[in-house]
Structures are given as structure tokens and as C-alpha cells.
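A short worksheet on the structure shown next.
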């Protein structure tokens, strides 16, 4: 894997070279937080950020996406025959995605790109997007990527890893796509600063203090965890606002809704949330997850148990800490993960009194 | 790449009122592109999304049988936005069908076995598909005894009455029809499905499987009866329902533990269901 040095003086020049080739996205400061946005003419990504408030998953999995359409006008020959809305395949490049958020995309791949069925909108978005990650030198107190199979310099899901080395960026080229973008930008100065990169990696990893334990999750019986008494305590404060699911880089649940404008019908794929009662509400009125306890339990059991059992890819969480940071009632996935991981038979007996 | 969200265009070829209260209608669909019928090849017990552009989609069990060619049928209860809209549609209207979706009844496992079918109310659609499949001359020799217990509130609420009467007359299937209370002209059983099952159904053994489909209250009282008759939990086969959107395991809402009703089901054995959170 080639290491390239980018003098910060050449940063803007390179981005200008990329602009005609790619639709660029990067973190932009908005009032008190950063958000990934399409970079306008002349606009540069602001890389002086901890992490964005929302994960950049919407660049490849939009919050709302029109997938099918047809005419409802019965005078037209093909009325009421749904057709796929051809996606725009303009290449896009995301500058400054954090390694945690990039590795989340590889977990979403397990849902949207399977051997049995593939989501063509996801596949197209993934293929047309190149990810330049920014290694994380300033992890926050809520970050725990290192205990969930990642790290502040993790390379999963990235095409290029950028490391801020004071007056320059070190760019580790990880894929063909990454190499093509580096070439397009004219960033070609090979570097042998591997030792520096490794030193920075070690230092960043040491700054992550928060730890979750996941080693026992796989071995604990689903139904015992499902029936654990702690769900009552944890869900007591939950207001089912859904903030956690919207911020989360690994939450993928979605809804399908039809919209009609004049004589055109459009089928949309929209983010949804397991925190909302309507998510599972049957037409009959019956709701299998009608209480907030059931909904909160679903979210954490899905991430920390069902996913673990199903995919053998660890937990469905990359340790970005957003939900911990933004939950209005301080529900903490680290605490829940540890409670689940240490849940034992003795606890179950106590629970049954 | 195949787009799993894209329905096959179909034309409504026929609409029949299926029950006396008119709350159920049976829709017969013909594929606009005849090749789509081959692409839609299904097994009894699978479902599909009926897709009405501009309105939405609903997951409904396939009521026609794989051995019936040239069309597919669905019997639909008028209940929500999409089903109400569908009930107001007319012959000749164009819409879509997306599928087939889900697993099916385990036909490989059921080959050579005696089959008990217990159905109630309007959950008889995929059971009808299964019966027609098993009674097909090419398939009937593959199965042992076939018993069917089917109950509804009144004679007029039984689905597919003409076929039920025809099956009553056959010697290669034992029909046990029942209604909740006596009615004029009714010549079969009277009583709820669970007690009639207890009286009429064959004993369970290694070579006998029960397929149970019905309203929750029927399921609740039928399962203990089947246990009493000696059916092991892995010999009791059920079909679950949950709210669904995509139907192919991505949108996340129909999960019961790590299983998804749309993709890993809707057909599960009671044994499997016992090992999963009952969130259906």
C-alpha cells in the first residue's frame, strides 16, 4: 500500500483538480456542529472537527430516496407500470469521513449486498463513491472504536486514509479507486513516513479510554437476554425519540412509501426507526412491539445480539459514541453492552425470584 | 442487476366476493408479460407484495397453487389503506405483484408424510394453495393421508366453498369442515376448530406433520390439542404474519429475534418459534 505525502499547500489545488471529476462531500461547520455536505464551488472541507453530528451514511443511503415511478394517467400506454428511477452515476468523493463511519458502511453491506438479494440503489451509491478517511487524533470521551474491532486509524471501508502530520497529510492509498482519485488530484509524492504514521496511530489508540466488552455476547442465549430484568430499568427514561437511530452510522431500517404528484406516482425509500410504534404496528391494531421497553430492547438486541449471532462480524456498532453523546435521557450503549455481556445464569435466577 | 423493489405488472382478470360479509375478495391476476409468470415461479406457502402504484404495497399469501397455470390469485381482507383501495378496483385495472417472497411450507420434508391441515377463518389461502398442490395427480402419490380441519363462524364465511364441497366428495382427502353454531342446511361439524381437531384429527407421530394457520385465538387453543394428540413441536408448522415493507429481509421491521418473518419465514415450526422472541 503506497504512502503519499500531501503538502498542505497543495491541498486546495488538489481539491480543485478533483472538483470537475467528482461530486465532493466534506464536513462543514454549521452553527455549533459539523455536518457532511456537498461542497460548493470554492468550498473546502473543514477538517478541524471531532466528528459530525450525523453520520455521513446518507451520502450512500439517503434519508429519503425515490426508487420507482410511473404514470397514473390512463391515457398513457404504460400507466400504472412501475419503473426504476435510473440513478445518477456521477462519481462522488467524500473527504474526511472518520474511520468509525467508514467501517460502518462495511456493516451496512452485510444488509444491502447479500448473496441472495442486492439493493441496487445501495450498490450503485457504493460503487460511485470514493472515501478519503481522516484518521482520528482527537477521540472524544464517548469513543470506543478500539473495543469493537475498529480504531482511530482503521482502514475498513476506506479508499484512502489521510493522516494529519502537521504541515502535510500522509495519504495511505488502500484501493484502486483511491489511487485513481489521488492521481486526479495530482497528489503523487511518495513518502516513507510509515514509522511516523504508526507512531501517530499508537498515540491515538491510547487516547481512547472508553471500553465495552463483547466477548460473551455470542454465548448467551437469546431468550435469556431478551427476558433480562435490566430492560425495565434502561427503558424507563427512554422517550422513543429515535435520535439514536438517526445519528447511528450502522442503523439501516427503512420504510417504503408511495407519493403522488398530479398524475405521477413515486415510490420512496425512507429511513425508519425501531423506536417508533408504527414501525411494527399491524393493520389489525395489534403491535408486537407496542411498548417502549420492547422497542428499546429491539434496538439493542439487534445491534448487540441478533446481529452478532447472524453475521459473525462482531456487534452492529462502530463505537462512534454519537448516541451516547446525543441521547436526551443519557441512555448509554456502552453500559447496556456491558450489562448484556456480563449477564449470567445467576442473574436470571435472581430475576425469577 | 435485478431490482427486488420492482413489481411485475399485472392486470386484474377477475374479482370474486369470497365471503358473505363481502370483507374478502379473491383477485385473479394475469401477468402483462407472460415471461414474468415463469420468473414468479413459487411454492405453496409463499407470499407476495401486492403493489398499487401511488397507494402502497401489502404482503399477502398466494392463494393459487403452483400447479395452476396462467394466473395467480390472492384472497384479500379489506382492512387498511391498500386493501381498501384494492377492493375498490375493477377488472382490467393494472397494478403490480412483487415476489414470490419468503420460504414456503417445507415440501421436501413433507414428501412421504401424512399431512394434517388446521385452518380457521380467512387464513386458509396458502392452505388452499397447498391442498390443490397435494391433490394434483402428479403430486398426490407423494403424500400419505391428508386431513383438513377448517372452521369459520358461519357457512358463508368459509373461503373457496365450491372446492371444499368437491374435496368432501373425494376419498383421497379427509375434510372436517366446521362452523361455530348450527345453521340451516349445514351438514358438517358444528363447534370451534380446536375441539373438532381433537375429535377428528389423526394422532401425531414421526410421519405426520400438522400445518396450522388461523387467527391467534384459534392457534392458542389448537396447539395444546395437537400436543395432546402427540404432535412434536418440530412437527407443527405455522405461518406467521408481521408488518412488512421490503419483503426480502432488508427493511428490518418484521424481525422476531434474529429471524426475519419475511425472509426466514413466514413458515416456521413451533419448535423454531419457541426459540425466538414472540414479537409477532
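Quick note: the coordinates plus some simple rules give every number you see, no bench work behind them. What you see is a predicted model; the values in this text were computed from it and never measured. Cβ atoms come from the backbone with ideal geometry, glycine included; neighbour counts cover every protein chain shown.
Relative to the longest principal Cα axis of chain B, at what angle does helix B:216-228 sit, 0 to 90 degrees, rounded to 10?
That works out to roughly 40 degrees.
If you build a Gaussian network model of chain A, linking Cα atoms that sit under 10 Å apart, which residue out of A:175, A:245, A:114 swings the most?
Of the options given, A:114 has the highest mean-square fluctuation.
What nm value, rounded to one decimal, do you get for the distance between residue A:188 and residue B:81 when each label is placed 7 Å out toward the C-beta?
5.6
Can you put A:11, A:252 in order of Cβ neighbours within 10 angstrom, beginning with the fewest?
In order of increasing Cβ crowding within 10 Å: A:11, A:252.
Run through the DSSP bridge list for the protein assembly as shown and note the antiparallel percent, rounded to the nearest 5.
65
Can you give the log10 of the normalised intensity I(q)/I(0) at q = 0.11, 0.17, 0.22, 0.25 Å⁻¹, computed with Debye over equal Cα scatterers of the range A:80-175?
-0.41, -0.82, -1.14, -1.30
Once R0 is set to 41 Å, what does the formula 1/(1 + (r/R0)^6) return for the Cβ-Cβ distance between residue B:39 and residue A:38, expressed as a FRET efficiency to the nearest 0.05?
E between residue B:39 and residue A:38, to the nearest 0.05, is 0.60.
Give me a single rounded figure for A:57-66: the average over its residues of other chain Cβ atoms within 10 Å of their Cβ.
Counting other chains' Cβ atoms within 10 Å and averaging over A:57-66 gives 0.
Based on alpha-carbon centroids, what's the gap between the range A:152-184 and the range A:218-257 in Å, whole number please?
35
Determine by what factor the alpha-carbon radius of gyration of chain A differs from 2.2 N^0.38 Å, reporting the quotient.
The reported ratio for this selection is 1.09.
Out of all DSSP beta bridges with both ends in chain A, state the antiparallel percent to the nearest 5.
Here the share of antiparallel DSSP bridges comes out near 75 percent.
Roughly what percent of Cα-Cα pairs across the range A:97-149 reach past 19 Å?
It works out to 39 percent of all Cα pairs.
Let's test this: bin the Cα-Cα distances of the range A:152-214 at 10 Å from zero up to the farthest pair and state each bin's percent.
Distribution as computed: 19, 45, 26, 9, 1 percent.
Please grab the % of Cα pairs in the range A:54-117 that end up more than 19 Å from each other.
54
Output the antiparallel fraction of DSSP beta bridges having both residues in chain B, as a percent to the nearest 5.
Roughly 60 percent of the DSSP beta bridges within chain B come out antiparallel.
Over all directions, what mean area does the Cα convex hull of chain B project, stated in square nanometres?
14.6
Give the residues of the range B:226-248 whose amide nitrogen is closer than 15 Å to a point set 7 Å from the Cα of residue B:274 in the direction of its Cβ.
Backbone N within reach: B:226-238.
Sort B:127-138, A:184-195, A:272-283 for me by packing, meaning the mean count of neighbouring Cβ atoms within 10 Å per residue, highest on top.
B:127-138, A:272-283, A:184-195
Mind grabbing the base-10 log of I(q)/I(0) for the range B:52-111 at q = 0.20, 0.27 Å⁻¹? Debye formula, identical points on the C-alpha positions, no solvent, two decimal places.
For the range B:52-111, the Cα-only Debye profile gives -0.91, -1.39.
Restricting the calculation to Cα positions, tell me the Rg (one decimal) and the Dmax (whole number) of the range A:5-124 in Å.
Cα-based Rg and Dmax for the range A:5-124 come out at 18.4, 62 Å.
Over every pair of different alpha-carbon atoms in the range B:1-88, take the mean of 1/r and invert it; report that Kirkwood radius in Å.
13.6
For residue A:325 and residue B:11, what does the FRET efficiency come to when R0 = 51 Å and r is the distance between their Cβ atoms, rounded to the nearest 0.05?
Efficiency, rounded to the nearest 0.05: 0.45.
Taking Rh as the Kirkwood radius computed over C-alpha pairs, what is the Stokes-Einstein D of the protein assembly as shown at 10 °C in a medium of viscosity 1.306 mPa s, expressed in µm² per second?
58
Just report the Cα centroid separation between the range B:88-166 and the range B:12-44, whole Å.
The two parts, judged by their Cα centres, are 14 Å apart.
Which residues in the range B:131-167 have a backbone N closer than 18 Å to a point placed 7 Å from the Cα of residue B:20 along the Cα-to-Cβ line?
Counting backbone N atoms under 18 Å from the label point, the list is B:150-165.
Averaged over peptide A:160-166, how many Cβ atoms belonging to another chain are found within 10 Å of each residue's Cβ?
Other-chain Cβ atoms within 10 Å of each residue's Cβ, averaged: 0.
Multiplying the sequence separation of residue A:50 and residue A:209 by 0.36 nm and subtracting their Cα-Cα distance, what value in nm do you get?
Residue separation times 0.36 nm, minus the Cα-Cα distance, leaves 55.7 nm.
Given the range B:142-261 reduced to its alpha-carbon atoms as identical point scatterers, what log10 I(q)/I(0) does the Debye formula return at q = 0.12, 0.14 Å⁻¹?
Rounded to two decimals, the profile gives -0.55, -0.72.
If you consider only alpha-carbon coordinates, what radius of gyration and Dmax does the range A:269-330 have, in Å?
Every Cα atom of the range A:269-330 included, Rg and Dmax give 13.6, 39 Å.
Rank B:215, B:202, B:100 by mean-square fluctuation in a GNM of chain B with C-alpha springs under 10 angstrom and give only the top-ranked residue.
For chain B, modelled as a Gaussian network with Cα springs under 10 Å, the answer is B:215.
For chain B, modelled as a Gaussian network with Cα springs under 10 Å, which listed residue fluctuates most, B:118, B:261, B:81?
Among B:118, B:261, B:81, the largest mean-square fluctuation in the Gaussian network model of chain B belongs to B:81.
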